[in-house]
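The values are calculated or read from the model by the stated rules, or taken from the named source; none is laboratory data. Keep in mind it's a predicted model, so treat the numbers as computed, not measured. Glycine gets a Cβ as well: all are built from the backbone with ideal geometry, and neighbour counts include every protein chain shown. Note: areas computed on protein heavy atoms with side chains; ligands, DNA, RNA excluded. Shrake-Rupley method; radii C 1.70, N 1.55, O 1.52, S 1.80 Å.
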Amino acid sequence: MRITSAALEAIRKTFSSIYQEGYDGIAPWAPQLAVNVPSANKSNMYGWLAKLPTMREWVGDRVLNNLAEYDYEVVNKDYELTIEVDRNDIQDDNLGIHEPKLRMMGEAARKQFDYLLVELLQNGHLRLCYDGQYFFDTDHPVSKFDAASGSQQNYWSSGRALSYDNYVATRAAMMGYLGEDGKPLGVMPDLLVVPPQLEGSARLILQADSLPSTAGTAAQTNVWKGSARLLVVPELANQATTWYLLSTSRAIKPFVTQTRSAPTSMELTDNSEHAKRTRKYIYGVDMRGAAGYGLWFLAAKCVA
């Protein structure tokens, strides 16, 4: 094949089509955990209420809910994935060898928010959220304005293996969370997130018809069947005994993903400095965005 600008543009379109097939062939799990927010600047500021808003009887003047009680900034970052295409492969019409890489590029771009959320989940006990505490912590204050209001826990660093009893206890703890006004937040856990090593235990809790029988005890009906959806995340496999319980049914979710610019492919060009120096052409995709923490009381982390 003779290398011309028109030929390179045709190759770029072919590459983009293969990339898109890989992108469309993946179903990311991030949307189950995070609400996606468009971003028009270098960062987004999130002013989270300390309680989920509820309506009140309108008596007298309106009561204004101050959305700026807490400030939390999520800064957009740039991400890219690039491959080189040897000039000889173009001249020899040997471009088929790049198809697997192009499909993998599409898959990786589609899962980028998945990868960002894995980092947030696994390090949430070390990263601050809107209330100035670690996202997963043992002492979130009920009210930062009232030191006597007490604290609430959404992180158990040990002794909390995934079991029927611990699932029930964690669920109850989340449903008992209070807002700054001292009233229940109405949290309803509905998603159990586990690494692949805990899939069997999770399925027994959420999908089995009955509890396993023990010595001298007959099998009992599993009243927790269907109490939450199950999400098995292979990317969590390096923390085999850690599991998460989340509330995801409301407009605000435990995490936020923000998109400044969606994944975009770059051009192949015959007059680039890289091509002139190396006899190789560049094809890649880039995006700009970020992921951050939402409301801590919508998530709990437990470690065996």
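Numerical summary
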read-out: Output for the stretch 87-133, where each listed residue is more than 14 Å from the chain's Cα centre (by Cα) and not in a helix (DSSP H, G or I); value: Asp92, Asp93, Asn94, His125, Leu126, Arg127, Leu128, Cys129, Tyr130, Asp131, Gly132, Gln133
read-out: Qualifying residues in the stretch 253-304 (those that are at pLDDT 90 or above and not in a strand (DSSP E or B)) - the one nearest to Gly124 (Cα to Cα); value: Trp296
read-out: Matching residues in the stretch 160-186 - criterion: being at pLDDT 90 or above, on the phi < 0 side of the Ramachandran plot and part of a loop (DSSP other than H, G, I, E, B); value: Arg160, Ala161, Leu162, Ser163, Gly176, Tyr177, Leu185
read-out: Scan of the stretch 214-231 for residues that are buried (at least 17 other Cβ atoms within 10 Å of the Cβ) and within 16 Å of the chain's Cα centre (by Cα), ordered by number; value: Leu231
read-out: Filter result (under 18 Å from Tyr19 (Cβ atoms) and acidic (Asp, Glu)) within the stretch 264-291; value: Glu267, Asp286
read-out: Test for Ser157: is it over 19 Å from Leu246 (Cα atoms) and small (Gly, Ala, Ser); value: no
read-out: Residues located in the stretch 1-47, provided they are open to solvent by 60 Å² or more (accessible area, probe 1.4 Å), under 24 Å from Val233 (Cβ atoms) and not in a helix (DSSP H, G or I); value: Gly25, Ala27, Asn36
read-out: Residue pairs meeting the criteria (Cβ under 7 Å; at least 6 apart or on separate chains; first farther than 12 Å from Asn154 by Cβ, in the stretch 175-188; second of a type in the set (S, T, N, Q) and open to solvent by 40 Å² or more (accessible area, probe 1.4 Å)); value: Met188/Ser249
